[in-house]
Amino acid sequence: MGALAASGLDVPVGRLGVLGGTFDPIHDAHLAVARAAKEELGLGAVLFVPAGDPWRKQDRRVTSARHRLAMVRLALEAEQEPGFAVSSVEVQRTGPTYSEETLEALQAEGHGQLWFICGADALSDLPHWHDPAALVALARLAVAPRPNYPLDLEALDAAVPGLRAAVDLLSITPIDLSASDLRGARRADGSLDPRIPAAARGYIVEEGLYAGPGSEG
C-alpha cells in the first residue's frame, strides 16, 4: 500500500497513538509521554501531529508551522525510536485545525483503535475545545499527569459525557517542563535547554528562533 494521506504511514496500524501539539519547540517531555503511551498501551506506533493554525492559541504568538514541523522531524530522525512518526496533515490544512478532524482522517485510513495522547492540563481544558464529544467518540484518551493539574474526572464527564470511560491514565512521573519556559530562557540569555533534543537545538540556532525581538517564536 502507498503512503497514507493523513498519517504518512505505509500501512494501517491496529493500535495508533496520536500526539498533537504546537511543539514550539519539541522537548523531552513530549518524547517521554509518547514512549510511556506506546509501552503501557501496546501501541504499534505514535504519530506526532504538529498543529497548523491552533485555534486555542490565537491570542498568542506561535512559531511558523514549517519550523515546528521541521524540528519534530529532525528530533524523531535523531531519536530513531521504533514506531515514532510525524504527520504534516494539520500543517497542510488551511484555516484553524481541529483534533477531531485529524482523528476522522486517520480513522478513514483504516487504522484500528486510536488513542489521543495528551497531558492532564489539556484534558482539563477539553470541554472548551471545538467538538470534545466527537473527539471522545473517535478515540480513547491516553492522559499523562502534569504538576499542579489534579484531574476531576467526574466533573469532566458531566461536561463531556463518556469522557471518563474513555480515559487511560499513564503511570509516568509528572514532568515539570513547558515549551514557553524554554522559549523564555532562550530570549532571556540565549541559552538552549538540553531538554530540547540536540537536532532541534541546532535548527533553532540555524534559523534564529526564539532569540529575541524580531525573531520567530
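Quick notes on this structure:
- Loop-located trypsin sites (Lys or Arg not before Pro) in segment 35-132 (DSSP state other than H, G, I, E, B) with a sparse environment of at most 11 neighbouring Cβ atoms within 10 Å: R60, R61.
- Using a Förster distance of 25 Å, the FRET efficiency for Q113-D28 (Cβ separation, nearest 0.05): 0.40
- Accessible area expressed per residue, the chain, with surrounding protein chains retained (probe 1.4 Å, Å²): 46
- Helix 28-41 axis versus longest C-alpha principal axis of the chain: approximately 20°, rounded to the nearest ten.
- Of the solvent-accessible surface of segment 157-216, computed with a 1.4 Å probe over protein heavy atoms with every protein chain present, carbon and sulfur atoms account for 51 percent.
- For segment 28-164: rounded, prolate or oblate by the Cα gyration tensor [a/c cutoff 1.5]: rounded
- Inter-part distance where segment 144-175 and segment 32-105 are each reduced to a Cα centre, Å: 21
- Largest to smallest accessible area among F84, F48 [probe 1.4 Å]: F84, F48
- Spacing of the two label points (7 Å from each Cα toward its C-beta) at E77 and V205, in nm: 1.7
- Computed label-point distance, nm, for sites H128 and V11 using a 7 Å Cα→Cβ extension: 4.3
- Per-residue accessible area (protein heavy atoms, 1.4 Å probe) orders S180, S124, S7, S171 as S171, S180, S124, S7, starting from the largest.
- Over the chain: helical MRE at 222 nm, DSSP H runs n ≥ 4 each giving -39500 (n - 2.57), nearest 500: -11500 deg cm²/dmol
- Folded to 0 to 90 degrees: helix 99-108 orientation relative to the chain principal axis, Cα: 60
The values are calculated or read from the model by the stated rules, or taken from the named source; none is laboratory data. Bear in mind the structure is a predicted one, so any value in this text is a computation, not a measurement. We place every Cβ from the backbone using ideal geometry, glycine too, and count neighbours over all the protein chains shown. Protein only, heavy atoms only, side chains kept; ligands, DNA and RNA dropped before computing areas. Shrake-Rupley method; radii C 1.70, N 1.55, O 1.52, S 1.80 Å.
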